[in-house]
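Below: one structure, written as structure tokens.
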Amino acid sequence: MMNDKVYQASPIKQSIDKEQRLATLSTIKKSVCYTELVYQRVNKKLNDKLSISDIERMVSEILTDSATTLKQKGKNYYITNSNYFVQLVIN
């Protein structure tokens, strides 16, 4: 059975979950890698023609935004942001 972890603040354990979520997002932000295929997929999914710097800036903002939630399922992290209406999948 797959172990799913959700890193969202709950009313009871808000400080612990928030710290863990922020630490994980910070680690991901430091180690995220971009390839030409990533840029192509982002533009295709968003139906847009964003520049490389725009895509990298958007991902960076999502990873530091307080509206970002994080869920781990297997080796993948599902990062959702309600301000941008996007979900990033990081593996």
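Looking only at region 57-77, filter to residues that are under 12 Å from the mean Cα position of the chain (by Cα) and open to solvent by 60 Å² or more (accessible area, probe 1.4 Å); which one of those is modelled with the lowest pLDDT?
SER66
If you check every pair at least six apart or on different chains, which have Cβ atoms under 7 Å apart with a residue in region 33-49 that is at pLDDT 95 or above and in a helix (DSSP H, G or I) first and a residue that is open to solvent by less than 100 Å² (accessible area, probe 1.4 Å) and among the β-branched types (Val, Ile, Thr) second?
Close Cβ pairs satisfying both conditions: TYR39/ILE52; TYR39/ILE55.
Among the numbered criteria (1) open to solvent by less than 50 Å² (accessible area, probe 1.4 Å); (2) in a strand (DSSP E or B); (3) hydrophobic (A, V, I, L, M, F, W, C), which one does LEU25 miss?
Result: LEU25 passes all but (2).
Kindly evaluate LEU70 against the criterion of being among the hydrophobic types (A, V, I, L, M, F, W, C), assigned to a helix (DSSP H, G or I) and under 13 Å from ILE28 (Cβ atoms).
So LEU70 fails the test.
As an exercise: evaluate GLN87 against (1) out of contact with any helix residue (DSSP H, G or I) (no Cβ under 9 Å at 6 or more places or on another chain); (2) open to solvent by 80 Å² or more (accessible area, probe 1.4 Å); (3) at pLDDT below 90 and give the number of the one condition it does not meet.
All conditions pass for GLN87, except number (3).
The values are calculated or read from the model by the stated rules, or taken from the named source; none is laboratory data. Here the structure is a predicted model, which is why all the values come from computation and not from measurement. Note: ideal-geometry Cβ built from the backbone for every residue, glycine included; neighbour counts use all protein chains shown. Side chains are part of the model used for accessible areas, which takes the heavy atoms of the whole protein and leaves out ligands, DNA and RNA. Shrake-Rupley method; radii C 1.70, N 1.55, O 1.52, S 1.80 Å.
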